[in-house]
Amino acid sequence: MGEFKVHRVRFFDYVPSGVRCMAYSEQTERLAVARNDGSVEVYNFPANYYQEKIIPGDDKRSTESICWAADDRLFSAGLNGEIIEYDLEKLCVKYSLDAFGGPIWNIVSNPSGTQLAVCCEDGSVKLFSITPEKIVFEKSLDRQKDRILCLAWHPSEPQIITGSVNVIRVFSVSSGHLLHVLKLDRRPVSGQKHECIVWSVAVLSCGEIISVDSSGKLQFWELNKGTLIRTYKVASCDLLCLAVSETEDSLLVGTAEGVIFQFQRLAVQAENPEQQWVYTKPFRFHTHDVRAVVHSSTALISGGVDGRIASRPLMEKVQTKSYEAAQRNITFPHRHLVSCAQASRLLLFQFPERLELWRLGQTDESGIDGDLLKVNKEQELLLQLKRKGSECIRCSTISRCGSWVSYTTGSRLFLHRLRYDKDNISISRVPKVPQLQTAALQLLFSPDSKQLYVGSVGGCVHIFDLSEGACKHSHKLEPPSGSSHPVHLLAANSDGSLLAVASSNSQIDIYNLNKLKYECSVPQYSSPPTAISIHPSTNHLVIAHADQQVLEFNIAKKQYTEWSRKVLQRGLHRDWLERDTPITGITFNPLRPDHILMHDTYMFCVLDKSLPLPDDKTPLLNQKSLRQLSESARRSHTHAFKITKKFQPLLFMDLLDDGELVLVERPITDILTQLPPPMKQKKFAT
C-alpha cells in the first residue's frame, strides 16, 4: 500500500448546521434541505444521493419552510417575512418578495404547482400565483387573531387547512372565508389549562385532516363535520413534523426526542376490505429534535438539530436484503471545507463565518508501519479571518506556497496576501479586487501562485493575474457548448499548463492555459463527477463519479486510457460500487506513478493501476484484515484496491511536498459534544 508519515488532524472544529426543513420533488427526484444558517442544499437521488447544489446562507435570512413548485422551481419563506425563489443555475437568490404579514411560518404549493400559500405571524394566509418570471400576490384569506404556524392544501378540493395554538381552521380558497373551526383538547397541567400548539397538518383525499401537536398526539379529524375521529398518544414530547406518502397509505411523525414513528393504513382483517391506521415502526436515526420528515415513494427521509439527513428505504418496496435496502446517513458535505498549502505545511479551515489558518505539527522521529510518533512541535493556530458582511462563506482556498488566501461569499470575491517573518505572520487585504457580474462558485490558485482561477456560472472560468499586493482580471474561458450550468470542480496540472473544469451537468472541459484556449472535452458520462485531478507526470485526468465509477482520460490523445477501458469493460467490484459516500478527494504519489490516492467519508484508498482489478468473488478486504492472513493467502488476494477504514469520518486528504500525508478527521462524538443538550429521557435504572 505504501508507507507515509500521516498527520491525523482532529482540530478542525466543524459542526454541521441543523436541518430546519426539507422538501422532495417526485418529478425531478431532488431533495431540497434548508439549514439553520440559511443555506440551501439540493441532493440528486438518482445520482447516489449526491449533494449537487449548495446555496450559501445569510445571517439576515431565516428559513422556516421550503417547497418545490412548477416541477423544478424552489421557494422558501422565513422569519424575515419574505418569500424567496432560488436560481438553481446561478446558485443564488433569484428574488425576494415581502408578504407583508410579519414572520412567515410555512409555505406550501397547491397540488398543481401553480399557486403558493403562506401563513404569517399576523394571522393571515396569503395566496400567490406562480408566473414564468416570478410570483404575484393574489389575495388574502380571512385574517385571524392569532398566529398561524402551519397549513396544507386539500388534494382535490379548493380548501386550505391551517394549524395554530389550540385550534385548526378550514378555509375556502375561492371565497377566502373561514368554513370550520376545530378546537383541540387542552390537557390540564398543575390544575391549569396548557396551550396545545399544532406544529403540522396534512389533508387526505378522503377528507380527513391529520394533525400533530405539542401534547404528543397524532389526531384524525373529519373535515366537513369538524369532528375528531381518532387520537393516538404517540409520545410524551412535542410532535414537530408530519409527512404523508403520495399514495396516502403511510405517514411519518418526527418528535422532539429524536424518534420517528411510522403509521400505515392496513386491513383490519385478511378478508375485510376495511382499513385503519396502525402504528408499525419506530426509528431512532437522530440524537436531537427531528425538525423535518419527507415521505418519498421509496424511502423515509428525516433531518434534525444534529445536522444529519437519514434516508431509510421502505422495506415493503424492497424484495431482498440488498444495497437498495440499506439506510443512508448524510452528515458531512460532499465538498472540501479544507485546503492545503503543500509547500508550507499549512491548512485552511472554512467555517460559515470565518477562516482558520493552522500550521501542522512536526516530528523528528521515524518508525515502522503503525507506530505513533511523538510530536516535538505542536500544531499552531496562526490566524482567524472573519468574513465581511452577513453572507456566509461559499468557498475558500490557499495557494501552494501559503502566500495567498481567497474566499467568496454569495456576492463578493475577497483576496488576502500573507507574509511570514520567522514566527510572525501578517495579513493584508488586496484592495480593488475585480468583482464578477455573477457569483464566484469555485476557487483555485495556479501551482506557481501567480494566478487565481475563479469558476462561475455557465461553465465560465475567470483568470486573475496576481502580483505583490495587486490583482488583475486577465482572461475569461468560456465552454464551447454554451452551457448554462455552473462550474462544479476545478483542477490544474503541476506545471499550470492545463485546467480541467467540471460543470454540474457532468460536462468536463479542458483548457490549454499557455494558449488560453479550449483543448478538448471528456465524453459526457451519465453520473456527475464528485472529484477530479490531473496526474503530475502523465497529465492524465482522473475522474470519480457519483455512481462510484473511477475513470482516467488521456488529455493528449483526447480519449480514455487503456486502463480506463478495462474498467468500463470489466466493471469495478460490487462492494466498491455499493459504497454510500462519494469520492471527494484525489491526489497522486510522485514516487509511485501507478498509484492513485482517493478518499470518501469512511475510507482511504490507494488504487494501484499495475495490479489486476478484483472480481466480485474476491473479498475487497481492508488492510487490517489482510495483515491477519498468511503470506500465501495475502499474495492470492493481491489486487488494485488497497483500502483502510482506520481514519474516519474523513473530510480531507492531501500529500505534502515532503511526502507526508495529511488526513483531516472529524469524529461524530466530537460534534455531539458541541450540540445543545437533547431532551432528557427517563431510562431504565437511572
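The values are calculated or read from the model by the stated rules, or taken from the named source; none is laboratory data. Remember, it's a predicted structure, so these values are computed and weren't measured experimentally. Accessible surface is based on the protein model in full, side chains and every heavy atom, while ligands, DNA and RNA are left aside. Shrake-Rupley method; radii C 1.70, N 1.55, O 1.52, S 1.80 Å.
Given a 1.4 angstrom probe, I'd like the percentage of the accessible area of the range 586-629 that is carbon and sulfur, rounded to a whole number. Carbon-and-sulfur percentage of accessible area, whole number: 51.
I need the per residue convex hull volume for the range 345-427, using only the alpha carbons, in cubic angstrom as a whole number.
Spread over its residues, the Cα hull of the range 345-427 gives 116 Å³ apiece.
Taking every alpha-carbon pair under 8 Å whose residues sit at least 6 apart, the range 160-254 reaches a relative contact order of 19 percent.
Each part reduced to its alpha carbon centroid, the range 258-285 and the range 378-418 end up 51 Å apart. Rolling a 1.4 Å probe over the protein heavy atoms gives the chain an accessible area of 44 Å² per residue. Heavy-atom surface analysis with a 1.4 Å probe gives the range 269-394 a carbon and sulfur content of 47 percent of its accessible area. Take the alpha carbon gyration tensor of the range 2-152, find the square roots of its eigenvalues, order them as a ≥ b ≥ c, and report rounded if a/c is under 1.5; if not, report prolate when a/b exceeds b/c, else oblate. It is prolate, given that a/c is not under 1.5 and a/b is the larger ratio.
Bridging of K557 to aspartates and glutamates at a Cα separation below 12 Å is possible for E519, once same-chain residues fewer than 8 apart are set aside.
Considering only protein heavy atoms and a 1.4 Å probe, what is the carbon-and-sulfur percentage of the accessible area of the range 1-147?
Heavy-atom surface of the range 1-147 belonging to carbon and sulfur, 1.4 Å probe: 46 percent.
Temperature 25 °C, viscosity 0.890 mPa s: under these conditions the Stokes-Einstein estimate for the chain, based on its Kirkwood radius over C-alpha pairs, is 90 µm² per second. In percent, rounded to a whole number, the relative contact order of the range 530-575 is 24, using alpha-carbon pairs under 8 Å and six or more apart. Of all aspartates and glutamates in the structure, those lying under 15 Å Cα to Cα from K609, and not within fewer than 8 positions of it along the same chain, are E552, E562, D594. Taking every alpha-carbon pair under 8 Å whose residues sit at least 6 apart, the range 577-686 reaches a relative contact order of 23 percent.
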